[in-house]
Structures are given as structure tokens and as C-alpha cells.
Amino acid sequence: MTFAIADPPYLGCGNLYRDHHADALDCDDPAWHAALIERLCAEYPDGWALCLHTPSLKTMLTLAPDDVRVGAWVKPFASFKPNVNPAYAWEPVIWRGGRRRTREQDTTRDWVAENIVLERGVAGAKPRRFGLWLLDLLNVEPGDRVDDLFPGAGGIGAAIAERLREQLLEPLDLFGEP
């Protein structure tokens, strides 16, 4: 089976990634995210997961197929911003498809509690354990292929390599090509 995990710059946050990619501001347009979701549906019918933030959840759900589910990354330790109260201490993930689970497999929760990671060089870097949870949502097994469409700081790629028991030779970076 072939899956994708997409952790692009969140809608309205392209400015945070200008130094990493020339087209980062394109991610501020909902049409860019709509094209990404269309691509995920077309190229990854086995399943995919898409990271987003709470301010964009309503918009992103209107762009997604009706059969997506919403999961939550709950952050026991999160960065607190001045004059932002309550704090943004969780992030939604929408996912679609995945391998059907058997009765013998443990049940996967639709949320994970994991602290943020700091000083990884890219805003919004994800911890390895978060990546493992995404793979659990999709029920990824060794022998599957998982494309990390926005490799960032490498946390998702590390989870993929661990789950698939293989080293990634070169991360697949499709930034700016939804």
C-alpha cells in the first residue's frame, strides 16, 4: 500500500517559511491547500494524513472529502504566546483511508499527547512519536510506501524509517507542488 503524510506550512503561516522556500507564501491561499488535498486524494487512494492548525480547521474541512476524520495532537508542553489566551495547545490532523485494522490489533486513539520539539531549525517541527501515531492511524506496515511530502526537520521521516525498518535515502520534498 502507498500512503502520504503532508505537513505543509499551515494556511496563513507561509511567512514563517520564506527563508526555507521561495514559494512559501503560496500556502496562504486556500486554493493551494485545495489543490494539495485533491492531489492527496488522486495519488494516495490507500490513505493520507494532513497536518493543520486550529484557526484553519473550518476552512480545511470544507476543502476535504466528506469521509475524512479529524484527530488531535495534544501538546502537554507547548509554547505560550503573549496575549494569546487560551493557548493553542493542540493541533488537528485530518486523515483519510488507511489499512483496515483487524480485531487482533490494538485500537488506535484519534488523539496523541506529545510535547512539541524545540530548536529543530524549522517552525512547526514534529516529534518522532507524533509521526508514529500518524502511521498508526493509517495502519502502515513494513513493505508499504509512505511519502513524506514536506520533510521539514525530519521527525516524520524518522518515524517512517523506524516503522518500515529502512533508511530513507533522500526525503521526498514536494513543497510548492500541490
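In the stretch 2-116, counting only strands (runs of 3 or more DSSP E) that sit wholly within it, the ones holding 3 or more residues that are surrounded by fewer than 18 Cβ atoms within 10 Å (Cβ to Cβ) span 69-74. Scanning the stretch 25-60 for residues being under 23 Å from PRO127 (Cα atoms) and free of Cβ contacts under 8 Å to residues at least 24 places away in the same chain gives a total of 1. Would a scan of the stretch 46-66 turn up a residue that is farther than 26 Å from ASP144 by Cα, at pLDDT 95 or above and in contact with a His (Cβ under 7 Å, 6 or more places away or on another chain)? Yes, because at least one residue in the stretch 46-66 is farther than 26 Å from ASP144 by Cα, at pLDDT 95 or above and in contact with a His (Cβ under 7 Å, 6 or more places away or on another chain). Number of residues in the stretch 61-114 that are basic (Lys, Arg) and in contact (Cβ under 8 Å) with a residue 40 or more places away in the chain equals 4.
How many residues are among the aromatic types (Phe, Trp, Tyr) and over 24 Å from ARG128 (Cα atoms) when one looks only at the stretch 1-49?
1
The residues in the stretch 141-157 that are closer than 23 Å to ASN115 by Cβ and among the aliphatic types (A, V, I, L, M) can be counted, and the count is 2.
The values are calculated or read from the model by the stated rules, or taken from the named source; none is laboratory data. These figures come from a predicted structure and were not determined experimentally. All Cβ positions, even for glycine, are placed from backbone atoms using ideal geometry, and neighbour counts span all protein chains on display.
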